[in-house]
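Below is one structure. I have some questions about it.
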Amino acid sequence: MKITTQIFLSAFILMLLSCFSTKLTAQNNNASSLKNNKIKVFTTAENTNLKLSLSNDFISNNNTQQKATVSIIVNTEKTDQTFIGIGGAITDASAEVFAKLSPKKQQEFLDAYYDKNKGIGYSLARTNIHSCDFSSDSYTYITEGDKELKTFNIDHDRKYRIPLIKKAIKTAGGKLTLFASPWSPPAFMKDNNDILHGGVLLPEFAPAWALYYAKFIKAYEKEGIPIWGLTVQNEPMAKQSWESCIYTPEAERDFLKNHLGPTLEKEGLASKNVIIWDHNRGDMLEKRANLVFSDPEVSKYAWGIGFHWYETWNGGPPQFESVGKVHEKFPNKNLIFTEGCVERFNPTKYQFWGNAERYGINIINDFNNGTVAWTDWNILLDQNGGPNHVGNFCFAPIHADTTKDELIFTPMYYYIGHFSKFIRPNAKRIIETVNDKSLLSTSFINSDGQLITVVMNQSEKQIVYSLENQKSKNTITIPAHAIQTIVY
C-alpha cells in the first residue's frame, strides 16, 4: 500500500511539473510570437562602413534587451495611396556623361540604379522634351518657324539619350515608368521669341505646341520607349536664364482644356497621364490643384499634380502641409514629386551627409502626405556638376569623373535606395504613429504582403525604438545620423 502511494504521488508530481512546463512553454511562445524571426534590418550610417548593409545585430534579443525610447506602431489594416515608383531624370547631361564611360563602368552604373538585386531598383524615370538647362546646348525637334511641324524628328536624342533610356529599361527588367516634361516651346512660338528667359506661349501656336507633345510621344514609342505620362510645363512660374516658359494658373488650365487634352485624345493618346504644375510645393500647388481639379471639363484630362522642393530657396522650411492638403481635398487625384536636387555643386561635398538627410526628410514627408511617386533630378553628372549650357551646376546621387573613368557614389544614392530598393510598385502606404519627433518614419506593404518601414535618425545619438504591428514587436537600435529599412 505504501509503495502504491509513493508511485501515485510521484506520478502526480510529474503531471504537475509537466503542466507547469507546458504553461511556461506556452507563455514563452506567446511572448516570442511578437518577435518576427523573418525580420531584416538594412542600415546606412555616417562615419561607418554601413551602406544599405544587412545589420540584424541592431535588433535586440533576450541577452541584449534595451529599453525603447521611441515607439513606432504600424496599423496594417489602414492604408492610403498606392505607390508607383522611385527614380530619376535621364537628361541629355546624364546621357552624355554616361557615353564617356567605359563599357565596364556603364554596366556598373546601370546595375547600381536599375537592377533591384545588384542595385537600388529604380522603377521610374523622367526625361526632357527637347533641350533643358542640363543639355550641352539649346535645340528643338523642328526647324525654327515650322508651325506645321513638318520637320519634326528626334535625331538629336538618338546619339546619347535614347540609347541610355533603352539600356535603363532593359536593366530594370523590361519596364520603366517614364514621363516627359518640356522646358519651353520653340522660340518662334513665344512672345519673347526666345527659347530661354521665360516668355509665354502665343495663342496662335497653342494647337501646334499641343501637337508637338503628341509627336514626341509617338516618336519615342516608335523607338520602343513607352511614355507613361507627361507634365504640361516644367516650372511654369519661373523665368530662368535657361529654357523656360510662364503659364499663369488660368493659362495652364486653358491650354490643357482647349488644346493639349483634346489633341492627345484625337491622336489616340488619351491614356497618357497628364501632370499639371510641376513646380514647387506651397500655396501655388494648392491653387493650381483647386483651379484644375474643381473644373470637370479640364480635370478629366489631369491625372494629377507634380511638385519640386525648391520652395526653400529663400530660407523657409519645406511646405509639406500643402501636399497633404491637396491629397485630402482631392483623394482621387495623384501627387507626384517630379524634381529635386542639391543645388550649387561643390566637389568637396560629395560625401556631405546633410545632402543625403535632405533626401530622407523630403521623401518620408512627401509619402506621408499622400505622394504616389518620387523623382530625383539628374541620375548622373560629371566631375563639374554638368554638363549644363548656362552653368547651372548641381549634385547628382552618382557622379562620374570622366578623366579617370570612375564613378563617385554619394550618400544621397544610399538614402534614396532605402526606399526604392524595398518599396515596390503597387505597394500601399500603411498608416503609422510615431510617439517622438526624434525619428522620421514611413511604412508600406508590398503586393506580396511584405512590410517595409523606413526609419531615419538625424540626431547626434543612437536611438532605441520599438517597431510594432498586430503580429510583431521588435526593439531596434538606429545609429546617429542613419537611415534604416526594416523588411518584415
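The values are calculated or read from the model by the stated rules, or taken from the named source; none is laboratory data. The structure displayed is predicted, hence computed values, not measured ones. With ideal geometry, Cβ positions are generated from the backbone for all residues, glycine too; neighbour counts draw on all protein chains shown. Areas reflect the complete protein model, heavy atoms only, side chains present, ligands, DNA and RNA absent. Shrake-Rupley method; radii C 1.70, N 1.55, O 1.52, S 1.80 Å.
Residues are listed down the side, and each one gets a yes or a no for (1) buried (at least 23 other Cβ atoms within 10 Å of the Cβ); (2) out of contact with any Gly (no Cβ under 7 Å at 6 or more places or on another chain); (3) at pLDDT 95 or above:
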| position | (1), (2), (3) |
| --- | --- |
| GLN450 | no, yes, yes |
| VAL455 | yes, yes, yes |
| SER459 | no, yes, yes |
| ILE463 | no, yes, yes |
| GLU468 | no, yes, yes |
| LYS471 | no, yes, no |
| ALA480 | no, yes, yes |
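Among all residue pairs at least 6 apart or on different chains, which show Cβ distances below 6 Å where the first residue, located in the range 172-200, is assigned to a loop (DSSP other than H, G, I, E, B) and the second is open to solvent by 10 Å² or more (accessible area, probe 1.4 Å) and of a type in the set (Lys, Arg)?
GLY198/LYS239
Just wondering, is there one or more residues in the range 135-152 that are closer than 24 Å to ILE398 by Cβ, in contact with an Asp or Glu (Cβ under 7 Å, 6 or more places away or on another chain) and not aliphatic (A, V, I, L, M)?
Yes, the range 135-152 has at least one match.
Of everything in the range 380-421, what is assigned to a loop (DSSP other than H, G, I, E, B), open to solvent by 10 Å² or more (accessible area, probe 1.4 Å) and either closer than 18 Å to ASN362 by Cα or without any contact (Cβ under 8 Å) to a residue 24 or more places away in the chain (or both)? Give them in sequence order.
Of everything in the range 380-421, those that are assigned to a loop (DSSP other than H, G, I, E, B), open to solvent by 10 Å² or more (accessible area, probe 1.4 Å) and either closer than 18 Å to ASN362 by Cα or without any contact (Cβ under 8 Å) to a residue 24 or more places away in the chain (or both) turn out to be GLY391, THR403, LYS404, LYS421.
Moving to a separate point now. Of TYR310, TYR247, TYR213, TYR220, which residue is under 25 Å from HIS389 (Cβ atoms), among the hydroxyl-bearing types (Ser, Thr, Tyr) and within 20 Å of the chain's Cα centre (by Cα)?
Just one listed residue meets the conditions, TYR310.
Here is a further query. What are the pairs, 6+ residues apart or on separate chains, where a residue within the range 108-134 that is assigned to a loop (DSSP other than H, G, I, E, B) has its Cβ under 6 Å from a residue that is among the charged types (D, E, K, R)?
Note: pairs meeting the criteria are LYS118/ASP111; GLY119/ASP111; ILE120/LYS421; GLY121/LYS421; SER131/GLU243; CYS132/GLU243.
Which members of the range 245-265 meet the condition of being buried (at least 18 other Cβ atoms within 10 Å of the Cβ) and not aliphatic (A, V, I, L, M)?
Scanning the range 245-265 gives CYS245, TYR247, PRO249, GLU252, ARG253, PHE255, LYS257, HIS259, GLY261, THR263.
Yes or no: LEU149 open to solvent by less than 40 Å² (accessible area, probe 1.4 Å), farther than 30 Å from PHE419 by Cα and touching a Ser or Thr at 6+ places or on another chain (Cβ under 8 Å)?
no
Here is a follow-up. Look through the range 427-438, keep the residues that are touching a Phe, Trp or Tyr at 6+ places or on another chain (Cβ under 7 Å) and open to solvent by 10 Å² or more (accessible area, probe 1.4 Å), and return whichever of them is nearest to LYS175 (Cα to Cα).
That would be LYS428.
Looking only at residues that are among the hydroxyl-bearing types (Ser, Thr, Tyr) and closer than 15 Å to TYR415 by Cα in the range 326-369, which one is surrounded by the most Cβ atoms within 10 Å (Cβ to Cβ)?
Step by step, filter the range 326-369, then rank; the result is TYR359.
Being over 15 Å from the mean Cα position of the chain (by Cα), part of a loop (DSSP other than H, G, I, E, B) and among the acidic types (Asp, Glu): is that true of GLU460 here?
Considered against the rule, which asks whether it is over 15 Å from the mean Cα position of the chain (by Cα), part of a loop (DSSP other than H, G, I, E, B) and among the acidic types (Asp, Glu), GLU460 comes out as yes.
Given the structure, is ALA214 more than 29 Å from GLY119 (Cβ to Cβ), surrounded by fewer than 22 Cβ atoms within 10 Å (Cβ to Cβ), in contact with a Lys or Arg (Cβ under 9 Å, 6 or more places away or on another chain) and among the small types (Gly, Ala, Ser)?
yes
When you scan the range 266-288, how many residues do you find that are open to solvent by 20 Å² or more (accessible area, probe 1.4 Å), within 24 Å of the chain's Cα centre (by Cα) and of a type outside the set (A, V, I, L, M, F, W, C)?
7
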